[in-house]
1. Taking the beta-carbon count within 10 Å as an exposure proxy, list M66, M87 from fewest neighbours to most.
2. Label-point separation (nm) for T51 and I7, each offset 7 Å from Cα along Cα-to-Cβ?
3. Can you tell me the order of 70-83, 98-111 when each peptide is scored by its average per-residue count of other Cβ atoms within 10 angstrom, highest first?
Amino acid sequence: MRNRSLIKIPNILLVDDDPLNVQALARTLGGAGFATTRALDGVEALECLETETFDAVVSDVLMPRMNGLQLVRRIRRRFPDLPVILMSGLISDEVCDAIAGLGAAALFQKPVSRAALILLLRSLPREPGRPCCEFYWSESEPEEAYSLSA
């Protein structure tokens, strides 16, 4: 029998101004064996990051007070190796260009493919030489990932 005290449960910070979306993600990830903490915007997320240790951050892009791009910039300064996965319902060339330059692990189009998100989180940390950012279409689109890095 394995000693459960030696098994580390990955802790994921979920950031989205839509409480229903963050609740659904928390339920899905909890069922997949992840611990989650919820924040409703980037400011709240930074407060969580100062008091708790996380294995990854999953954040919406468009939020009040501090958007996801601003949050990634702040995370990179304080926690340079922390994987950040972004999600957005509105994906433009400008957003893709900005995200690729920030070192996000991935960008998911909403609605987020729960299975793809779980697989990505289980594969972290990323191996050196892998693309810095991958794009995942919503569940209604093909399940392909497109690199946003050069």
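Here, each number is a calculation from the coordinates, and none is a lab measurement. Since the model is a prediction, treat every value here as computed from it, not as a measurement. When we count neighbours, we look across all protein chains shown, and the Cβ atoms used for this are built from the backbone with ideal geometry, even at glycine.
1. Details: M66 18, M87 26.
So the residues, fewest neighbours to most, are M66, M87.
2. Result: 2.9 nm between the two label points.
3. Numbers: 70-83: 16.0, 98-111: 20.1.
Final packing ranking: 98-111, 70-83.
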